[in-house]
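The values are calculated or read from the model by the stated rules, or taken from the named source; none is laboratory data. Here the structure is a predicted model, which means the values were calculated and not measured. Cβ placement follows ideal geometry from the backbone for every residue including glycine, while neighbour counts extend to all protein chains displayed. Heavy atoms of the whole protein, side chains included, go into the accessibility calculation; ligands, DNA and RNA do not. Shrake-Rupley method; radii C 1.70, N 1.55, O 1.52, S 1.80 Å.
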Amino acid sequence: MRMKNIREKLEFKNFYNNVKILESLDKHTQDSMYQNNLELWFTEERVVFIKEYTSDDYFKKNWRSDQIIISDFLALCEPKYKNNLYFLLVLNWVSELSTDTLLEVNEIEKNSRVCRKYVLYAQSDLLRISFLQEEYIKVISKENFADKLKNRLLSSNKENNPIVEQLLNSFFEINNIYNKNNSKDIILNILKENNIDEN
């Protein structure tokens, strides 16, 4: 994974990397961030630290000390950022990740102490970060979500298959009217009526 890709994605999602926020920090935190190549990106809603690790050894030896620097920042930042702080650890080396590195990655991502952490090795890893996705849904009601999902599924029915449309309409109707336990039987009946094997 390349830092360039992460920066482009952050810029696209209206994050910016501004020196002014660094100037508001104490000199020790500023120096630590510069010396350790930690980049700070933020919006009105959240703060993201990113750092590139160019070898397995460097990654394992340094991510904890980088987290300490982030915790120093956390102590100084505005309260609104305290639950919206992320650390993207970018792994950029050619060799495959070893088993012990994969185990460490798993531990890092499970540990939300200080902030939420994502370890990025492949381009597809970006898909796990919801706020970096094109169509990140903030807060919508259950009904609104169901309508949007139904419309999206129907619009993706490129062959305009009436059975697909019937199944979708029935599914959403069932979930609104009936007990969800009945939904499987109703869907299976529609498939049977249209001579479609449920397997």
**Request:** Could you check how many residues of region 45-59 are open to solvent by 50 Å² or more (accessible area, probe 1.4 Å) and farther than 10 Å from ASN92 by Cα?
**Result:** 3
**Asked** In region 85-106, which residues are farther than 15 Å from LYS61 by Cα and acidic (Asp, Glu)?
**Response** GLU96
**Request:** Could you tell me whether region 78-85 includes any residue that is open to solvent by 50 Å² or more (accessible area, probe 1.4 Å), on the phi > 0 side of the Ramachandran plot and over 17 Å from the mean Cα position of the chain (by Cα)?
**Result:** no
**Prompt:** Between a first residue in region 9-25 that is modelled with pLDDT under 90 and a second residue that is open to solvent by 30 Å² or more (accessible area, probe 1.4 Å) and not β-branched (Val, Ile, Thr), which pairs have beta carbons less than 7 Å apart while being 6 or more apart in sequence or on different chains?
**Reply:** ASN17/GLU39; LEU22/GLN30; LEU25/LEU76
**Asked** Looking at this structure, is VAL105 without any contact (Cβ under 8 Å) to a residue 24 or more places away in the chain, buried (at least 20 other Cβ atoms within 10 Å of the Cβ) and out of contact with any Asp or Glu (no Cβ under 7 Å at 6 or more places or on another chain)?
**Response** yes
